[in-house]
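Worksheet: one structure, shown below.
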Amino acid sequence: MTVFKAYLKVLNKNKWMVILYTVILIFFAGFNMKTSDTRGFVTEKPDILIVNEDENIGITKHFINYIKENSNIKEIKEDENARNDALFYRDVNYIIYIPKNFRIDFLEGKNPEIKVKSTGDYMAFLSEMLVERYFKIANIYKSIETNEEKLEMLIENTLQKETEVEMTSKLDTDTLTKAAYFYNFANYSILAGSVFVICFIISSFKEEKVRKRTIVSSHNYRKYNRELLLSNSLFAFTLWLFYVLLSFILVGKAMLTSHGIVMILNSFVFSFTSLTLAFFIGNLISNKEAISGIVNVIALGSSFLCGAFVPMEFLPDFVITISHILPSYYYISNNEMVKTLEIISLESLQPFFINIGMMLLFSLLFIVLTNIVTKRKSS
Amino acid sequence: MKNIIEVKKLTKMYKNLKAVDNLSFEVKEGEILGLLGPNGSGKSTTMNCMLSLLEFKEGTITIFGKEMKPNAYDIKKEIGVVFQDVALFEELTVYDNMDYFCGLYIKDKRTRKQYIEDAIKLVGLEDFKKFYPKQLSGGLLRRLNIACGIAHKPKIVFLDEPTVAVDPQSRNNILDGIEKLRENGATIIYTTHYMEEVEILCDRVIILDKGIIIAEGTPDELKELANMEEKVSVYIEKLEEKHIEEIKKLKNVSEVTYHNSNLIVIYNKGKNNLISLTKYLEKERISYDKIYSERPTLNDVFLELTGKELRD
Ligand SMILES: Nc1ncnc2c1ncn2[C@@H]1O[C@H](COP(=O)(O)OP(=O)(O)OP(=O)(O)O)[C@@H](O)[C@H]1O
Ligand SMILES: [Mg+2]
């Protein structure tokens, strides 16, 4: 309790910084939310390459047309290496290989296999959904209709009806865009708030002479470290909770939908990563005057580079390449992705979880670095 | 008196530098032990080893008959430390700083409150409880630093140069406080390079140089050890040659000069030299004025033992 009590008192001395970061968040995020909707909602289409070895007639042609309607068809030269390169550089998200005799085999009920190659990201997932949806419907009607033209008609009608249903249940992209704005901007406030406060507190408690005094006292030093760690974690958690509450106020009930909850989860993991980063920096520097400078570099820098203020699509390519080395990139990418995600499912969230994994890897890295730094210092 | 701390054959190396070399000494219960030495002589290093703040290669340190270790919390509970440098939270008030550091030892709230009040009174910071460290003068800061180290009423107190760069008023206050701690039964290890403090404060002195004990004893013993002379000067209007010859024959006298009505008598050792001289002058009805004696100080002792000044 002694440590926690002193912790709260030192924290109290820093409350104005936290309030400042929060006001900035409310001001800018709130401002952006109002002006957010000039872009309207654009459904993004995946880039797909179709390699057709079958004749372009009948059901094969129908399938290709359906894909064409729902994606951007890419033309790549007839060379497997070129196709792989295109996938690697994300020029296409998905390649569909239609084998020879596909049409005949399909109509005869042989279930011919369609091979695909995928980038594994969300756009690839959308492509896969397209293909799956088509054949799910086609297989159902094939068993009751043998005439190829009528079969095509049936498939056509069903696909259209399904799209209509989907349109009516279309998610509220407007609110989700707002939520994404808020959480993107929170990148700055969470980072700045936790790094500033935790660095400040660590440099007070771990200041060489104060530390010596603590070590010679009869208070168990391990316990002392644990209490400090716990207090800092509690602070980071409270800060996160506070920003989540703020998002409920600013964005509204949409935060309770599955999309909103996924964003909240994302911000939780990011808060954890920020906490570990704050530990690392706090143990690295011993100069209080340096803290605000470092916070600016880290919080402002990563917010700019990773598109918290300016959407990523407006950033030059080299900036985006650099931003991959920052945890903020994965956090903000996730917000952007969730915003456009039509369906929330374990499968559609795969790229989301990969980004979460990246953030956790960063945390691990920071924890290891913190240990190295503290070992160095104590010896 | 029994030994409360025993240091045996302590050797501490910093890489290739032997900061403390095969040091053995003990601290007796209730005494004020002075650790004296010039800059870099190993005073702080010795203290930090005794506190288990530093690992050392050789030697043993026992406190209350038990081995001192980093996790000897029952021993640490009875120890108070005031480091050479001020160690405080800038963000906490005088009272809150004390509450924190005392709270590391004393968990009970009411006892702690009482102890803090006592310590604040001891160092005379009653009027500054709500001040922040940066609002305090250097002297007051030192006093707070001391109060934080001793608020939990420890049986043993380590003080590392607590009066460096302190105004005379604060200094007297600090020295008084240390006296009071002793009166309350604490054993004190006091590190300094101020001679005068050692002479008025310490029961026993250990003089360190380059990590080695070069002398040990009470201040008086040390002065005797050094075989120092005492110089007495007297103003005498007129003195006859025969008196000078007689004074030369007094006990312990080694040299007598008389010049410009100034008599200077140098004694090689012994006590009560001044009294024997005044008795002689009174017996011979010689009127005198302005008599004073220059007794050797520990500084002279140190100079004699090492050939260098204690203070730079
Ligand atoms: N951390 C360290 N690393 C290397 N050498 C050190 C270290 N601390 C002290 N020393 C050296 O050990 C010797 C003893 O230093 P120490 O601080 O114990 O002296 P001191 O008597 O307390 O001096 P002062 O009066 O200046 O406080 C010095 O030569 C010093 O340079
Ligand atoms: Mg020292």
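I'd like to verify a number: residues in segment A:216-243 that are buried (at least 17 other Cβ atoms within 10 Å of the Cβ) and within 7 Å of chain B (Cβ to nearest Cβ), how many?
We begin by selecting, within segment A:216-243, every residue buried (at least 17 other Cβ atoms within 10 Å of the Cβ); these are A:216-219, A:224, A:227-228, A:231-232, A:235-236, A:239-240, A:243.
Narrowing the set further to residues that are within 7 Å of chain B (Cβ to nearest Cβ) leaves A:216-219.
Selection size over segment A:216-243: 4.
Consider B:GLY40 carefully, then state whether it is on the phi > 0 side of the Ramachandran plot, within 16 Å of ligand 2 (Cβ to nearest atom) and assigned to a loop (DSSP other than H, G, I, E, B). Judged against the criteria, B:GLY40 is a match. Restricting attention to segment B:147-181, the residues that are farther than 22 Å from B:SER44 by Cβ and outside any loop (DSSP other than H, G, I, E, B) add up to 7. Looking at segment B:61-71, is at least one residue more than 16 Å from ligand 2 (Cβ to nearest atom) and aromatic (Phe, Trp, Tyr)? There is at least one residue in segment B:61-71 that is more than 16 Å from ligand 2 (Cβ to nearest atom) and aromatic (Phe, Trp, Tyr). Residues of segment A:182-212 being basic (Lys, Arg) and either open to solvent by less than 10 Å² (accessible area, probe 1.4 Å) or more than 8 Å from chain B (Cβ to nearest Cβ) (or both), which ones? If the condition is that a residue be basic (Lys, Arg) and either open to solvent by less than 10 Å² (accessible area, probe 1.4 Å) or more than 8 Å from chain B (Cβ to nearest Cβ) (or both), then A:LYS206, A:ARG211 are the ones that fit.
Can you find a residue in segment A:333-343 that is part of a helix (DSSP H, G or I), of a type in the set (A, V, I, L, M) and at pLDDT below 90? Before you say what the answer is, go through the steps one by one.
Step one: of segment A:333-343, the residues part of a helix (DSSP H, G or I) are A:333-340.
Add one more test, that the residue is of a type in the set (A, V, I, L, M), and what stays is A:337-338.
Checking the rest, the ones that are also at pLDDT below 90 come to A:337-338.
Taking every residue of segment A:333-343 in turn, at least one turns out to be part of a helix (DSSP H, G or I), of a type in the set (A, V, I, L, M) and at pLDDT below 90.
Among the residues that make up segment B:5-17, is at least one of them within 13 Å of ligand 1 (Cβ to nearest atom), over 22 Å from A:LYS212 (Cα atoms) and among the polar types (S, T, N, Q)? Checked segment B:5-17: at least one residue is within 13 Å of ligand 1 (Cβ to nearest atom), over 22 Å from A:LYS212 (Cα atoms) and among the polar types (S, T, N, Q). Being within 16 Å of ligand 1 (Cβ to nearest atom), in the same structural domain as B:PRO154 (by TED's automatic domain parsing) and open to solvent by less than 10 Å² (accessible area, probe 1.4 Å) holds for only one residue in B:ILE61, B:ILE120, and it is B:ILE61. One residue stands out among those in segment B:155-170 that are open to solvent by 50 Å² or more (accessible area, probe 1.4 Å) and away from ligand 2 (no atom under 16 Å from the Cβ): the one that is nearest to B:SER52 (Cα to Cα), which is B:LYS155. Tell me yes or no: at least one residue of segment B:22-37 is surrounded by fewer than 20 Cβ atoms within 10 Å (Cβ to Cβ), within 23 Å of A:GLU208 (Cα to Cα) and either modelled with pLDDT under 90 or away from ligand 2 (no atom under 16 Å from the Cβ) (or both). The answer is no; no qualifying residue exists.
With respect to B:ASP96, is the statement that it is among the acidic types (Asp, Glu) and within 13 Å of chain A (Cβ to nearest Cβ) true? Before you say what the answer is, go through the steps one by one.
Numbers: among the acidic types (Asp, Glu): yes; within 13 Å of chain A (Cβ to nearest Cβ): yes.
Criteria met by B:ASP96.
Screening B:SER41 against (1) over 19 Å from B:ALA186 (Cβ atoms); (2) under 17 Å from the mean Cα position of the chain (by Cα); (3) open to solvent by 10 Å² or more (accessible area, probe 1.4 Å) leaves a single unmet condition, (3).
Can you find a residue that is over 30 Å from B:ARG112 (Cβ atoms), away from ligand 2 (no atom under 16 Å from the Cβ), more than 14 Å from chain A (Cβ to nearest Cβ) and without any contact (Cβ under 8 Å) to a residue 40 or more places away in the chain anywhere in segment B:135-154? There is no residue in segment B:135-154 that is over 30 Å from B:ARG112 (Cβ atoms), away from ligand 2 (no atom under 16 Å from the Cβ), more than 14 Å from chain A (Cβ to nearest Cβ) and without any contact (Cβ under 8 Å) to a residue 40 or more places away in the chain.
Looking only at segment B:58-78, how many residues end up being of a type in the set (Gly, Ala, Ser) and within 11 Å of another protein chain (Cβ to nearest Cβ)? If you could, list the steps in order and put the result at the bottom.
As a first pass, look at segment B:58-78 and keep what is of a type in the set (Gly, Ala, Ser): B:59, B:65, B:72.
Retained after the next criterion (residues that are within 11 Å of another protein chain (Cβ to nearest Cβ)): B:72.
Total meeting the criteria: 1.
For segment B:43-60, give me each residue that is among the basic types (Lys, Arg) and within 16 Å of ligand 2 (Cβ to nearest atom).
Step one: list which residues in segment B:43-60 are among the basic types (Lys, Arg), which gives B:43, B:57.
Within segment B:43-60, just B:LYS43 meets the criteria.
Only a single item in (1) more than 9 Å from chain A (Cβ to nearest Cβ); (2) in a strand (DSSP E or B); (3) open to solvent by less than 20 Å² (accessible area, probe 1.4 Å) is not met by B:VAL81, and it is number (1).
Filtered by the rule that a residue be open to solvent by less than 10 Å² (accessible area, probe 1.4 Å) and either within 16 Å of ligand 1 (Cβ to nearest atom) or among the basic types (Lys, Arg) (or both), segment B:84-117 gives a lone residue, B:ALA87. B:CYS49 falls short on exactly one of the conditions (1) under 25 Å from A:ARG222 (Cβ atoms); (2) open to solvent by less than 60 Å² (accessible area, probe 1.4 Å); (3) more than 9 Å from chain A (Cβ to nearest Cβ); (4) not in a helix (DSSP H, G or I), and that condition is (4).
Among the residues of segment B:123-145 satisfying the criterion of being open to solvent by 30 Å² or more (accessible area, probe 1.4 Å) and of a type in the set (S, T, N, Q), which is farthest from B:VAL164 (Cα to Cα)?
Applying the first criterion (open to solvent by 30 Å² or more (accessible area, probe 1.4 Å)) to segment B:123-145 yields B:126-132, B:134-135, B:137-138, B:141-142.
With the extra rule that they be of a type in the set (S, T, N, Q), the set shrinks to B:135, B:137.
On the way: B:GLN135: 19, B:SER137: 14 Å.
The qualifying residue farthest from B:VAL164 (Cα to Cα) is B:GLN135.
Kindly provide the set of residues from segment B:237-273 that are open to solvent by less than 70 Å² (accessible area, probe 1.4 Å), part of a helix (DSSP H, G or I) and at pLDDT 80 or above, ordered by number. Across segment B:237-273, the qualifying residues are B:HIS243, B:ILE244, B:ILE247. Checking B:ARG171, B:ARG182 one by one, the residue that is farther than 30 Å from B:THR278 by Cβ and either at pLDDT 90 or above or among the polar types (S, T, N, Q) (or both) is B:ARG182 and no other.
The values are calculated or read from the model by the stated rules, or taken from the named source; none is laboratory data. Nothing here was measured: the structure is a model prediction, and the numbers come from that model. With ideal geometry, Cβ positions are generated from the backbone for all residues, glycine too; neighbour counts draw on all protein chains shown. Ligands, DNA and RNA are stripped out before the accessible areas are found, and what is left, the full protein with its side chains, is counted by its heavy atoms. Shrake-Rupley method; radii C 1.70, N 1.55, O 1.52, S 1.80 Å.
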